[in-house]
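Take a look at the structure set out below.
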Amino acid sequence: MVSFIFCTFARHIHKYSNFYKDMKISHIEHLGIAVQSIEESLPFFTDVLGLECYATEVVEDQKVKTAFLKCGEVKLELLEPTSPESTIQKWLDKGNKGVHHVAFCIEDGVANALAEVSEKGVRLIDQAPRKGAEGLNIAFLHPKSTAGVLTELCEHPE
Ligand code: CMX
């Protein structure tokens, strides 16, 4: 009886405490696509698929140049390495190409989501949110604990 009461109490704590609050994902914010050259890859997306490239940006700390295309609510982010030290260059050098990561838009804060997934045993790449392309607050989760999909959590700064 005592253990039943304890377990019920523990379940309620787990369910209702902020720490364990289930994060809310509103949509896929973007798909990151690794390319060796934006100039050479872009025509497929613009001239063949008819998507509009509305911005390009260099993200210095990630050593990438990005090009953004809009496809409904979801964006495509082409990622071109700007240095041999770029994680994107290293990934391409291993024979990979194409979809590199999936970015989810978090409604109630990347910091909260990081605490939650970390508590659930997910390996974090970023321990705290940082600034990414387009001024978003972002954090990456390690593909070894996300079913092999490099996962980015992001939010629009308010
Ligand atoms: N998707 C799935 N798995 C991936 C991956 C990816 N994009 N990149 C690496 N991996 C896997 C590798 O295959 C490797 O697996 P194995 O051990 O089975 O071979 C494992 O992860 C470790 O990879 P690694 O090649 O040894 O590379 P590193 O450990 O040096 O780095 C990672 C991997 C994911 C930690 C690193 O790429 C990272 O920190 N990424 C987050 C930041 C980022 O991607 N920035 C670029 C985009 C920036 C932006 O959008 O602005």
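Quick notes
- D_trans [Stokes-Einstein, Kirkwood Rh over alpha-carbon pairs] for the chain, 20 °C, 1.002 mPa s, µm² s⁻¹: 124
- Calculated accessible area for the range 89-158 comes out at 53 Å² per residue, all protein chains present (probe 1.4 Å; ligands, DNA, RNA ignored).
- Taking 33, 138, 125 as the candidate residues, the one with maximal mean-square fluctuation in a Gaussian network model of the chain, Cα springs under 10 Å, is 125.
- Note on residue 108: accessible area is roughly 40 Å² with a 1.4 Å probe, heavy atoms of protein only.
- Neighbours of residue 103 by Cβ distance under 10 Å: Lys/Arg scored +1, Asp/Glu scored -1, total -2.
- Summing charges over neighbours of residue 59, with a neighbour being any other residue whose Cβ is under 12 Å away from its Cβ, gives -2 when K and R count +1 and D and E count -1.
- For the range 18-59, a Kirkwood hydrodynamic radius built from all Cα pairs, placed in the Stokes-Einstein relation at 37 °C and 0.692 mPa s, yields a translational diffusion coefficient of 244 µm²/s.
- On Cα atoms only, tilt of 2-16 relative to the major axis of the chain in degrees: 30
- Largest to smallest accessible area among 48, 117 [probe 1.4 Å]: 48, 117
- With 27 Å as the limit on Cα-Cα distance, the pairs of 70/131; 94/120; 63/97; 97/120 that go past it are 94/120; 97/120.
- Peptides 140-147, 71-78 ranked from most to least packed by the mean count of surrounding Cβ atoms within 10 Å: 71-78, 140-147.
- Count Lys and Arg as plus one, Asp and Glu as minus one, and take only other residues whose Cβ is under 10 Å from that of residue 77; the net charge is then -3.
- Relative contact order (%) - criterion: Cα under 8 Å, at least six apart; region: the chain: 23
The values are calculated or read from the model by the stated rules, or taken from the named source; none is laboratory data. All figures in this text were calculated on a predicted structure; none of them were measured in a lab. For neighbour counting, all protein chains shown are included, and Cβ atoms are generated from backbone atoms with ideal geometry for every residue, glycine included. Just so you know, the surface numbers come from the protein's heavy atoms only, side chains and all, with ligands and any DNA or RNA stripped out. Shrake-Rupley method; radii C 1.70, N 1.55, O 1.52, S 1.80 Å.
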